[in-house]
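Q: Structure incoming, see below.
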Amino acid sequence: MTAGVLLALACASPGIPPGGPPDVAAPEVIGVAPDSGRTGITPREVIFRFNEVVSERPPAVTNLADLFLISPRDGTPRVSWNRDEIAVRPRRDWRPNTAYTITMMGGLSDIRGNVRNAGASTFFSTGPTLPRTRIAGQLFDWASGAPAAGSLVEAFVPPDSSRAYVALADSGGRFSLEHLPAGRYLVRGIADRNRNRGIDPGEAWDSTSVTLADSVTVELLVFAHDTVGPRIREIAPVDSVSLRLSFDRPVDPTQRLTAANFAVIGRDSVPVAIEGVSIPEGDTARVTSPAAASAAPVVPRQPAAPRRDTTAPPQSVMSRPRPTTAVVLRLGRPLLAGSTYRVRASGVRGLLGHVSNSDRTYAVPAAPRAQTDSAPPRIIPQTPKR
């Protein structure tokens, strides 16, 4: 055989494709410099090294800086890419006598698109010591009761939040801020849906004050800080003598809703008796019968008191009841089919203590027409054939 034929046969033979099997593994961190725990150093930058070339533009973020946090923060970190290394440094210089934690979040990928879900971090001090302090805890979305995963947590000495110690909550809503100087801090959790590392109008957040000496555990319940109370958004029938009222905002779970908070009035201005108010199944807010005491006084929600604890893990369930967004009114009689009623809610209190009155009309569907027997078929006389 000629050399060309042999070469053709060799190329046609089955086997492993050139370059070996496809790479399906995410990049691994093989080193971080400086090492964790060092003191008295001022590095030019912190370098994360990987076992392969990583992507300069990971698919989950706009740029590499979105994947890194420097705590305490000093603006958006400066992040540079060099194939299998990423260098991170603050927007300005490292501050003297300050303990830093540099965190890389999950989301980094290699050039083949394999995404690394785990993060990595290191810590060091530009001063001679590292404070052995810690603020830990858990965030919940108060309205849903679910952990507020991915929320931004800040701890700062008011009023200057620009140099806050920062962290991101994990998938269970848990967070930890370490190596802070002892003192009085405002701890704030922000849902941060747009991931801009700040608090925007209408964004859910919560805060509490702590005095840090060694270790503190807190719980934060993030919610939208509305300046108006809940209003009726929708009315729907439950059965012939029950109506479900949905609100546009959560209701304070400590409020005792009674029949005195609601009214159902017909066109003749005669109110329909309300025999009871209840919360739909699965809601934890409290309700009372019409004979119970009137609604509780309006008291703005106070932040949860921090618990000093050096060993116990954060709670996995909210300590406060979940607010309701709906109630069911049980009426004294069925509403008339085809009639329109005005349904009112008064004194309904929101999570910040703001109270609103609202009303909506509700049209009862008309009764279906009774079906009548169909008329007998018309008989057409036929002309006999000739």
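Values quoted throughout were computed directly from the atomic coordinates according to the rules given, and no laboratory measurement underlies them. This one's a predicted model, so the numbers in the text were calculated from it and none came from an experiment. FYI the Cβ positions are ideal-geometry reconstructions off the backbone, even for glycines, and counts take in every protein chain you see.
Q: Where a ≥ b ≥ c are the square roots of the eigenvalues of the C-alpha gyration tensor, would you call segment 29-125 rounded, which needs a/c under 1.5, or, failing that, prolate if a/b is larger than b/c, or oblate? If you can, show how the numbers build up before the last one.
A: On the way: a/c = 2.17, a/b = 1.69, b/c = 1.29.
Note, shape of segment 29-125 comes out prolate.
Q: Using alpha carbons only, how many angstrom separate the centre of segment 325-366 from the centre of segment 70-101?
A: 55
Q: May I pose another question? Considering amide H positions built from the backbone, and no H for Pro or chain starts, which residues 5 or more places from Ala326, or on another chain, come under 5 Å of its amide H?
A: The list, which skips near neighbours in sequence, is Phe247.
Q: What distance in nm separates the simple spin-label points at Ala213 and Ala33, each placed 7 Å from Cα in the Cβ direction?
A: 4.2
Q: Estimate the FRET efficiency between Arg256 and Ala60 by the formula 1/(1 + (r/R0)^6), using the beta-carbon distance for r and 45 Å for R0, to the nearest 0.05.
A: Numbers: r = 46 Å, r/R0 = 1.01.
Here the calculated transfer efficiency is 0.50.
Q: What are the ³J(HN,Hα) values, in whole Hz, obtained from phi via the Karplus relation 6.51 cos²θ - 1.76 cosθ + 1.60 with θ = phi - 60°, for each residue of segment 352-359 in sequence order, with x given for Gly and Pro?
A: 9, x, 6, 10, 10, 10, 8, 8
Q: Further question on the same structure: Treat every Asp and Glu Cβ in segment 134-222 as -1 and every Lys and Arg Cβ as +1, leave all other atoms uncharged, and give the resulting dipole magnitude about the Cα centre to the nearest 20 debye.
A: On the way: 8 positive and 11 negative charges, 29 e Å.
It works out to roughly 140 debye.
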